[in-house]
Amino acid sequence: MESNIKKNEKYVVEILDNGFEGEGITKINGFTVFVQGALKGEKVEILILKVLTSYAFAKITNIIKKSEHRVEVDCSTFKRCGGCSLRHIDYDYTLEIKRNAVQSLVSKTLKSEIKVLDTLGMENPFFYRNKAQYPVGFDKEGKPCFGIFANRSHDIIQIDKCFIQNEKSQGIAKYIFDLWIKNKLSIYNENTRNGLLRHIVIKNGLKTGQFMCVLVINGQSFSKENVIVNEIINKFPMIETVVVNINTDNTNVIMGKSNRVLYGNGYIEDKLGDFKFKISPLSFYQVNPIQAEKLYNIALEAANISKEDIVFDLYCGIGTISLLMSKFAKKVYGIEIVEQAVEDAIENAKMNNINNTEFIVGDVEKILDNLINVKKIIPDIIMVDPPRKGLDKVSIQNILGIKPRKLIYISCNPATLVRDLKELEQFYDITTIKPVDMFPFTNHCEVVTTLELKKM
């Protein structure tokens, strides 16, 4: 649809709905406009920022009629950061927005008529992240700074308090930065690629209280290593390990592939359910373990595993859900491409005295194909938790080739989830779709979907 709307024009509009990222949706003469920060039911004056062929983007210049769900923002860097894009909305309504967004995708894409269940929220949706990643660099005056990247840029915003990061992690990171500056150690400059410290990464075990510090540097080592480490661990005795991560590449990727332990064992531990897990600098572990445990319990209940079942866990990470499934299953095979994560998964199984799991490092597409078509291992149940891009076509075809009786699909991207469900629904009944709010006040949403083989 062509539009007479032009950039920099102002309009007064009613907001008709909210999209998946919390943006307001309105129509001007039938032409769709996405309005940053607007809520359904509001009447606002907007300024058009960008016009494309079939839709436009705008920002609010004045709120004429305010939604009952709009709240005063408690964070001073909210507008610049972009991390908590729903922070201006009361929490219960953010859960409704996420459910509605998933429902919209399901209704538009799938033949099956499915009612998406209510989003499972968090009782205390604050300071929930157990992994903090702080970029280090220079401000516009050329002074060293650390904090978070501004939305869609590499400008660093210095923050006093983040309401989703662990409070102790914030204090540790600030102390390390100040200590680095006090000792006159160099800071990495993205433009010149000179200098050492690039990121400060803090991980913590929620139930164990253990902390890990990772100093990401543009080099192999730094001077005064012993001085820095001793001051850190004397100040914060709950720190179990301090690690240098080496990243000398010109890249936006935070962590390099190589680590050097300065203090401790190079890992921390945490508990999830009845099991203890080893967490290394490079291994993936759910950043909100409170909600992760709830999510995994939903998935386990849906799977209803028996002692005769062989289970595949695709994209298994450090083996969290593999081990949780192991106490119900005959055998669990976990597949993960990150080598250190697989090493941790094997170690986690040993640490918890689990002997009916097998973890394989490699690309899911290739390993799954090998297990099914070469080794002739046929699972009764498959659990998948893929990255944002979803399942690849070969894996979907392999799954459909063997047709396990149940498929539990955990997704961090509802758009690719429904794309994959469209391929699967010919042979599977989609019995439940349950959103879980793993990242309160952000636009992200995890979804657990249960698929059962149709009775032909």
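Between E339 and K27, take the C-beta separation as r, use R0 = 45 Å, and let me know the FRET efficiency to the nearest 0.05.
So the FRET efficiency works out to roughly 0.35.
Mind grabbing the accessible area of E240 for me, 1.4 Å probe, Å², rounded to tens?
Approximately 80 Å² of E240 is accessible to the 1.4 Å probe.
Between K271 and S104, with labels modelled 7 Å along Cα→Cβ, what's the label distance in nm to one decimal, could you check?
4.2 nm
Cα atoms only: what Rg and Dmax, in Å, come out for region 205-260?
Cα radius of gyration and Dmax of region 205-260 are 12.8, 36 Å respectively.
If packing is taken as the mean number of other Cβ atoms within 10 Å per residue, what is the order of 387-399, 277-289, highest first?
Most protected by this proxy first, the peptides run 277-289, 387-399.
Would you mind counting up the charge near T248? Only other residues with Cβ under 14 Å from its Cβ, with Lys and Arg at +1 and Asp and Glu at -1.
In short, +2.
If S54, S85 are ordered by their accessible area, calculated over protein heavy atoms with a 1.4 Å probe, which sequence runs from highest to lowest?
S54, S85
Quick one: with all protein chains in place, what share of the accessible area of region 58-113 is carbon or sulfur, to the nearest percent (1.4 Å probe)?
47 percent
Ratio to report: Rg/Rh of the chain, with Cα atoms as the point set and Rh obtained by the Kirkwood method; give two decimals.
Ratio of gyration radius to Kirkwood radius: 0.99.
Rounded, prolate or oblate: which one fits region 222-336, using the alpha carbon gyration tensor with axes a ≥ b ≥ c (rounded when a/c is under 1.5, else prolate when a/b beats b/c, else oblate)?
It is prolate, given that a/c is not under 1.5 and a/b is the larger ratio.
Return P(r) of region 154-231 (all Cα-Cα pairs; 5 Å bins starting at 0; whole %; ordered from short to long distances).
In order of increasing distance, the bins hold 3, 12, 23, 25, 18, 13, 5, 1, 0 percent.
Please give the per residue accessible area of the chain, computed with a probe of 1.4 Å over protein heavy atoms only, in Å².
On a per-residue basis, 47 Å².
Taking all protein chains in place and a 1.4 Å probe, what share, in percent, of the accessible surface of region 245-287 do carbon and sulfur account for?
43 percent
Using a Förster distance of 35 Å, how high is the FRET efficiency between D369 and T208, based on the Cβ-Cβ distance and rounded to 0.05?
With R0 = 35 Å, the Cβ-Cβ based efficiency is 0.40.
At N194 and Q397, where each label point lies 7 Å from the Cα along Cα→Cβ, what is the point-to-point distance in nanometres?
Those two pseudo-labels are separated by 5.4 nm.
Largest first, what is the accessible-area ranking of K6, K454 with a 1.4 Å probe?
Heavy-atom accessible area, descending, gives K6, K454.
At a probe size of 1.4 Å, how large is the accessible area of E21, to the nearest 10 Å²?
Rounded to the nearest 10, that gives 110 Å².
Want the number for K140 to Q220: 0.36 nm per residue separation, take away the alpha-carbon distance, what's left?
Stretched out fully, the K140 to Q220 stretch lengthens by 26.0 nm.
Given 0.36 nm per residue, what is the gain on full extension from F127 to N151 after removing their alpha carbon distance, in nm?
6.6 nm
Where does each of D363, D344 land when they are ordered by accessible area, with a 1.4 Å probe and the largest first?
D363, D344
Counting only the heavy atoms of the protein chains, how much of K174 is accessible to a 1.4 Å probe, in Å² to the nearest 10?
About 100 Å², ignoring ligands and nucleic acids.
Could you compute how fast region 250-304 diffuses translationally, taking Rh as the Kirkwood radius over C-alpha pairs and applying Stokes-Einstein at 37 °C with viscosity 0.692 mPa s? Give it in µm² per second.
Value of D from the Cα-based Kirkwood radius: 238 µm²/s.
Could you run the Debye sum over the Cα atoms of region 75-145, one equal point scatterer each and no solvent, and tell me log10 of I(q)/I(0) at q = 0.13, 0.26 Å⁻¹, two decimals?
So the normalised log intensities are -0.62, -1.23.
Tell me the label-point distance for the pair D178, K161, using the 7 Å Cα-to-Cβ offset, in nm and rounded to one decimal.
Rounded to a tenth, the inter-label distance reads 1.7 nm.
The values are calculated or read from the model by the stated rules, or taken from the named source; none is laboratory data. Small disclaimer: the values here were computed from a predicted structure and weren't measured. Note that we place each Cβ from the backbone using ideal geometry, even for glycine, and neighbour counts take in every protein chain shown. Just the protein is used for accessible areas: all its heavy atoms, side chains included, with ligands, DNA and RNA removed. Shrake-Rupley method; radii C 1.70, N 1.55, O 1.52, S 1.80 Å.
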